[in-house]
1. Give me a count of the residues in segment 108-124 that are surrounded by fewer than 17 Cβ atoms within 10 Å (Cβ to Cβ) and in contact (Cβ under 8 Å) with a residue 12 or more places away in the chain.
2. Can you say whether Ser130 is open to solvent by less than 30 Å² (accessible area, probe 1.4 Å) and either in contact (Cβ under 8 Å) with a residue 12 or more places away in the chain or closer than 20 Å to Leu239 by Cβ (or both), as far as the supplied structure shows?
3. Just name the residue that is nearest to Ala254 (Cα to Cα) out of those in segment 184-215 that are within 28 Å of the chain's Cα centre (by Cα) and surrounded by fewer than 16 Cβ atoms within 10 Å (Cβ to Cβ).
4. Would you point out which residue out of Leu63, Leu16, Leu24, Leu80 is surrounded by 13 or more Cβ atoms within 10 Å (Cβ to Cβ), out of contact with any Ser or Thr (no Cβ under 8 Å at 6 or more places or on another chain) and at pLDDT below 55?
5. If Glu105 meets every condition in (1) assigned to a loop (DSSP other than H, G, I, E, B); (2) without any contact (Cβ under 8 Å) to a residue 24 or more places away in the chain apart from one, which number is that one?
6. Could you please tell me which pairs satisfy a Cβ distance under 6 Å, a separation of 6+ or placement on different chains, a first residue in segment 166-193 that is under 13 Å from Leu149 (Cα atoms), and a second residue that is of a type in the set (Val, Ile, Thr) and not in a loop (DSSP other than H, G, I, E, B)?
Amino acid sequence: MNLYKFGGAIAVLVCLVTLVFSYLSWQDKLQQAAGTNAEASGATESTESETETTQTEPDSDELVNNPELFENMDERVRDLFLSTNTEGETLQLLIAGSEALESGEPGYAKLLTEALEEAYGDSIEVTIESATGTSDSLQRIDLSAGYDLVLLEPMTLMNNDHISIEDEREDVRDFLARLQEVNADSLVVLHPPQPIYGAGHYLAQVQALGEFAKLYSFPYINHWSAWPATDDLALKEHLTKDAVPNNAGAKAWASELINYFIAN
């Protein structure tokens, strides 16, 4: 009788051990499955996060078309930049004027070019061309490339005592006409030459250039605000003995042009 009881106890104990082992094995499988699902979910969330990050990064077109860059431009110039960039084209810009554009190391034209290329990248292509003599020499500048925009210094200083104000205006109008024969939508932005110390009659010529620009709706950049006044001895520190810009003068000139085309 005692033997039977002992055998029954052994059987119950074996059943209990089997049940406990089965339960523990089942719990372990559940934990493993939960861990696998958590890893898969984490990987999915990571992938979605990476996708969202990629989608929110601005592309180059968004940077180029940032309206804040164009805030200081005249409306027509701003529209030209925007339309060209929107259509995925490269804006062709010509910087033309007297040899003063190359004066300094570097000159204002190169400083402006570097700033434009840094701001607008491949969406702009800049050409620099200087002329010698009076505004009559503007007719020898090659415009066959069909430039969209020309930044023009119309040789006003070189015209002093040689070409009348009205003749200079006629030369500028002829320049624009030649430009628009190739590209009817092209624009000219005018700006004066460098100031000189003790300017005299030259002041009246520069004033007349500004009035002409306003009268005929030319965009106009008056960079003289960045220079010392013409009766200030400090102006000589911005010019060479030949009254062309030195490094300081080139930087002063370029600063206003850059501010016009690239708003801070």
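The values are calculated or read from the model by the stated rules, or taken from the named source; none is laboratory data. Note that the structure is predicted; figures quoted are calculated from it, not measured. For neighbour counting, all protein chains shown are included, and Cβ atoms are generated from backbone atoms with ideal geometry for every residue, glycine included. Just the protein is used for accessible areas: all its heavy atoms, side chains included, with ligands, DNA and RNA removed. Shrake-Rupley method; radii C 1.70, N 1.55, O 1.52, S 1.80 Å.
1. Residues of segment 108-124 surrounded by fewer than 17 Cβ atoms within 10 Å (Cβ to Cβ): 114, 117-118, 121-122.
Within this subset, residues satisfying the condition of being in contact (Cβ under 8 Å) with a residue 12 or more places away in the chain are 121-122.
Qualifying residue count for the region: 2.
2. Details: open to solvent by less than 30 Å² (accessible area, probe 1.4 Å): no; either in contact (Cβ under 8 Å) with a residue 12 or more places away in the chain or closer than 20 Å to Leu239 by Cβ (or both): yes.
Spelling it out, it is not the case that Ser130 is open to solvent by less than 30 Å² (accessible area, probe 1.4 Å) and either in contact (Cβ under 8 Å) with a residue 12 or more places away in the chain or closer than 20 Å to Leu239 by Cβ (or both).
3. Lys214
4. Numbers: Leu16 fails: surrounded by 13 or more Cβ atoms within 10 Å (Cβ to Cβ); Leu24 fails: surrounded by 13 or more Cβ atoms within 10 Å (Cβ to Cβ); Leu80 fails: at pLDDT below 55.
Going through Leu63, Leu16, Leu24, Leu80 in turn, just one is surrounded by 13 or more Cβ atoms within 10 Å (Cβ to Cβ), out of contact with any Ser or Thr (no Cβ under 8 Å at 6 or more places or on another chain) and at pLDDT below 55: Leu63.
5. (2)
6. Qualifying pairs under 6 Å: Leu176/Val188; Val188/Val150.
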